[in-house]
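**Q** What follows is a structure written as structure tokens; I'll ask about it next.
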Amino acid sequence: MPAHETSHKSIILKHPSGAEAEVRLFGATVTSWKVDNTERLFVSKEAILDGSKAIRGGIPVVFPIFGTDEKINLPQHGFARNSDWEYVGLLTDNDEVSVRFSLKDNQLKQSQRSAWPHSFRLNYTVALTEKTLRTTLVVKNEDEDTFEFKTLLHTYFQISDISKIAVNGLTNLTYIDKVQNAAKLVEENQKVTIAGEVDRVYSNVPEEVTIEEDGQAKYRIVKTGMKDTVVWNPWIDKAKGMGDFGDEEYHNMVCVEVGSVADWVKLGGGQTWTGGQVITAFMSELKEQLQRFSSKAEDIVDAIGQPLKPYIPAMSRFLIVATFLEDSLRIITQWSDQVFYMEKHRGFFWGLSHIFLALNVILMLSCSSLVIAKKHQEYAVYGLFAVVILQAFGYGLVFNMSFFLRNLSVIGGLLMVLSDSFNKRKQMFAALPQMSETDRREYFQLAGRILLIFLFIGSAFHGEWSFGRVLVSLVGLAAAIMVIVGFKAKWSAIFLILFLSVFNVLINNFWATQHNHFQRDFLKYDFFQTLSTVGGFLLLVNIGPGGLSLDEKKKAF
């Protein structure tokens, strides 16, 4: 859903890119805006959210007065930020997700209507795109007579350090400095920095103002229909004097507020007035470069991999069962040696060893063939599960850590096959609660992703350490974690495929060992088990991480 209401009376907006926003019905206050998984609006940890007081942070709507007015007996900044607004609904859900709220005079308390006795309607639209937040206020005079008002979008921006902040676009403008007894001054600085309490109202400001942090653009504010801009930070003493604001929080916020507050806005009977802003959030330069690099890399890999794409499903399935095919052929070609080992070293009785080995061969060949052919896949996978368990006990490898980690990854690949086999089928007993095929698929994909990475963990800690080894292992570990949580899972899986393939050729090179050397069979076994895990990752690249992943959650509305 692109927009839905929560239990604490707020509306959550979600954009396909992953951007999110939250708007409280109390005050129609935007209290959260996340871009690139980073919060962009400041809300004090001490903010009161029970509806008894205006919310300290986000974007409160100031109307119909700014500050206080001796002639109008309203609380500071008017009643709009202290009233319960009506949620009108979702307007658009394409590239821009937008919702609307309204406030009418008949929704106010009697004391508020008496203090400002005009008939009006406010429509407030909040719109979200990948990088922008648009807030637009429409004021309609439903009286016959003209009324006057002031309005402001009191935006609190989240920052890391106020000492690194500068506001651009205010040079040579006239402003009223409330810290200096409302002195009227002209801004001489190219960049407005903050090193103490700031409370300024700049008049007739150009449409665009930017906020930079540590020399890099952080926010761009483009206003329409509003003449003025307020810059505010309470600094030390005033921060300590506010009950709903932390003593040290002034370090992490700055208010740059678009509005029409220097002069009264006159609105004739039946007329409407519109004003608003579009805020753009910028990434850090490094993050932007990484994103550009990632995008180019995706294009290159897609271009190279396009010819192979039709063959990836078959290749991945063949690789997943490669270890079982090799194992069955090894048992057949070394039958007498295998029987001797089972009887002399594992204590099997004559005949039982033959049955055990034959059962393994039959299960591995038949089930592997079914997996490759995509026939009766559930039974085939369960049969191969049985082989893993039989061999663990039969060969006495239950407590062998290397065997354990490798087979967890092989099982992970089989779970990916199993998840791919689930289709949306009708339930046999529709009235009974059952797990849907989609849910089963997602849970098996999650389990498969988790188990697949264990071979990498075993491989990463195998052998002697060096600086390059540590670096590759750390990058690989990060990729493994990304596979588990399903974030950029396909790219992480590709990295692990490359890592394990190189590792397999360099470490498990059984072809370089003499035929009669005892290590040859062990290396060959490890080589084909690694191939099976590579096949699991290849299937992950083909079918995706599934619904229980960050990649899929970002796509969901």
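**Q** Name the shape class, rounded, prolate or oblate, that the alpha-carbon gyration tensor gives for the stretch 313-555, where a ≥ b ≥ c are the square roots of its eigenvalues, rounded holds for a/c under 1.5, and otherwise prolate holds if a/b is larger than b/c and oblate otherwise. Don't skip to the end; give the middle numbers.
**A** Values: a/c = 2.24, a/b = 1.20, b/c = 1.86.
Oblate shape, in that a/c is at least 1.5 and b/c is the bigger or equal ratio.
**Q** OK, next. Modelling each spin label as a point 7 Å along the Cα-to-Cβ direction, I'd like the VAL388/GLU148 distance in nm, to one decimal.
**A** It works out to 7.8 nm between the two label points.
**Q** Right, something else. Let me have the 222 nm mean residue ellipticity of the chain computed from DSSP H runs of 4+ only, each contributing -39500 (n - 2.57), with the sum over all residues rounded to the nearest 500.
**A** -12500 deg cm²/dmol
**Q** How do the peptides 534-546, 375-387 rank, highest first, by the average count of neighbouring beta carbon atoms within 10 Å per residue? Intermediate values should be presented prior to the final figure.
**A** Details: 534-546: 24.2, 375-387: 18.0.
Descending packing order for the listed peptides: 534-546, 375-387.
**Q** At a 1.4 Å probe, what is the % contribution of carbon and sulfur to the accessible area of the chain?
**A** Working: 15790 of 27600 Å².
Carbon plus sulfur share of accessible area: 57 percent.
**Q** Then there's this: Please report the relative contact order for the chain, taking Cα pairs under 8 Å with a sequence separation of at least 6, and give it as a percent rounded to a whole number. Kindly include the intermediate steps, with their values, before the conclusion.
**A** Details: 1087 pairs, mean separation 62.5, N = 557.
Relative contact order here is 11 percent.
**Q** For the stretch 363-419, what is the per residue volume of the convex hull drawn over the alpha-carbon atoms, in cubic angstrom?
**A** On the way: hull volume 3.8 nm³, N = 57.
Taking only Cα atoms, the stretch 363-419 has a hull volume of 67 Å³ per residue.
**Q** OK, next. Assuming 0.36 nm per residue, please report the length gained on full extension of the stretch ALA373 to ILE48 beyond their Cα-Cα distance. All intermediate terms of the calculation are to be shown ahead of the outcome.
**A** Details: separation 325, 0.36 × 325 = 117.00 nm, distance 6.20 nm.
So the extension gain works out to 110.8 nm.
**Q** Then there is this: Taking 0.36 nm per residue of separation and subtracting the Cα-Cα distance, what length does fully extending PHE349 through THR333 add? Walk me through the numbers before you get to the answer.
**A** On the way: separation 16, 0.36 × 16 = 5.76 nm, distance 2.12 nm.
Length gained, PHE349 through THR333: 3.6 nm.
**Q** Go ahead and run the numbers for FRET between PHE518 and LEU471, Cβ-Cβ distance against an R0 of 35 Å, rounding to 0.05. Don't jump to the answer; show the numbers that get you there.
**A** Values: r = 34 Å, r/R0 = 0.97.
FRET efficiency, PHE518 to LEU471: 0.55.
**Q** Order the following by accessible area, largest value first: PHE147, PHE404, PHE393, PHE444. Probe radius 1.4 Å; ligands, DNA and RNA are ignored. Intermediate results must be reported in sequence, preceding the final value.
**A** Numbers: PHE147 5, PHE404 100, PHE393 140, PHE444 55 Å².
Ranked list, largest accessible area first: PHE393, PHE404, PHE444, PHE147.
**Q** Could you calculate the contour length gain from GLU130 to TYR395, that is, 0.36 nm times the residue separation minus the distance between their Cα atoms, to one decimal place in nm? Don't jump to the answer; show the numbers that get you there.
**A** Numbers: separation 265, 0.36 × 265 = 95.40 nm, distance 5.58 nm.
Full-extension gain reported as 89.8 nm.
**Q** Highest first, please rank the peptides 349-357, 95-103, 17-25 by the mean number of other Cβ atoms sitting within 10 Å of their residues. Spell out each step's value before the answer.
**A** Details: 349-357: 14.1, 95-103: 19.1, 17-25: 20.9.
The densest-packed peptide leads the list: 17-25, 95-103, 349-357.
**Q** What list of ³J(HN,Hα) couplings, whole Hz, do you get for the stretch 69-84 from phi and the Karplus terms 6.51, -1.76, 1.60, once you set θ to phi - 60° and write x for glycine and proline?
**A** So the Karplus estimates, Gly and Pro as x, are 9, 4, 8, 10, 7, 10, x, 3, 6, x, 9, 4, 7, 10, 10, 7 Hz.
**Q** While we're looking at this one, here's another question. Please list, in order along the stretch 218-224, the HN-Hα scalar couplings obtained from phi with the Karplus expression 6.51 cos²θ - 1.76 cosθ + 1.60 (θ = phi - 60°), rounded to whole Hz, x for Gly and Pro.
**A** 10, 9, 10, 10, 10, 9, 9
**Q** May I pose another question? Compute, for the stretch 313-555, the length of the dipole vector about the Cα centre, with Cβ point charges of +1 (Lys, Arg) and -1 (Asp, Glu) only. Units Debye, rounded to 20. All intermediate terms of the calculation are to be shown ahead of the outcome.
**A** Values: 21 positive and 14 negative charges, 128 e Å.
Here the stretch 313-555 has a charge dipole of around 620 debye.
**Q** A further question follows. So what's the net charge close to GLU249: Lys and Arg +1, Asp and Glu -1, counting the other residues with Cβ under 15 Å from its Cβ? List each step's numbers first, then the result.
**A** Working: positive: LYS45, ARG56, LYS238, LYS240; negative: GLU39, GLU46, ASP161, GLU197, ASP237, ASP244, ASP247, GLU248.
Neighbour charge sum, excluding GLU249 itself: -4.
**Q** State in Å² the accessible area per residue of the chain; use a 1.4 Å probe, count heavy atoms of protein chains only, and round to the nearest integer.
**A** Numbers: 27600 Å² over 557 residues.
Solvent-accessible surface per residue comes out at 50 Å².
**Q** Which shape class, rounded, prolate or oblate, goes with the stretch 1-50 when its Cα gyration tensor gives a ≥ b ≥ c as root eigenvalues, a/c under 1.5 marks rounded, and past that a/b bigger than b/c marks prolate?
**A** On the way: a/c = 2.69, a/b = 1.26, b/c = 2.14.
In terms of gyration-tensor shape, oblate.
**Q** Next up: Step through the residues of the stretch 442-448 one at a time and calculate ³J(HN,Hα) from phi using the Karplus curve (6.51 cos²θ - 1.76 cosθ + 1.60, θ = phi - 60°), rounding each to whole Hz and writing x for Gly and Pro.
**A** Going residue by residue, I get 5, 5, 5, 5, 4, 4, x Hz, with x marking Gly and Pro.
**Q** With a point put 7 Å past each Cα toward its Cβ, work out how far VAL186 is from ASP237 in nm, to one decimal.
**A** 3.0 nm
**Q** Follow-up. Does the chain classify as rounded, prolate or oblate by the C-alpha gyration tensor (a ≥ b ≥ c root eigenvalues; a/c under 1.5 gives rounded; else a/b over b/c gives prolate, otherwise oblate)?
**A** Numbers: a/c = 3.58, a/b = 2.53, b/c = 1.42.
Verdict is prolate for the chain.
**Q** May I ask you to order 265-277, 486-498 by the average number of other C-beta atoms within 10 Å around their residues, highest value first? The partial results should precede the final answer.
**A** Values: 265-277: 16.2, 486-498: 20.8.
Sorting 265-277, 486-498 by mean packing, highest first, produces 486-498, 265-277.
**Q** Can you pull the one-decimal nm distance between simple spin-label points at ASN106 and ASN172, each 7 Å off the Cα toward Cβ?
**A** My value for the distance between the label points is 5.2 nm.
The values are calculated or read from the model by the stated rules, or taken from the named source; none is laboratory data. Here the structure is a predicted model, which means the values were calculated and not measured. Here Cβ is always computed from backbone atoms with ideal geometry, including for glycine, and neighbour counts include all displayed protein chains. With ligands, DNA and RNA removed, areas are computed over all heavy atoms of the protein, side chains included. Shrake-Rupley method; radii C 1.70, N 1.55, O 1.52, S 1.80 Å.
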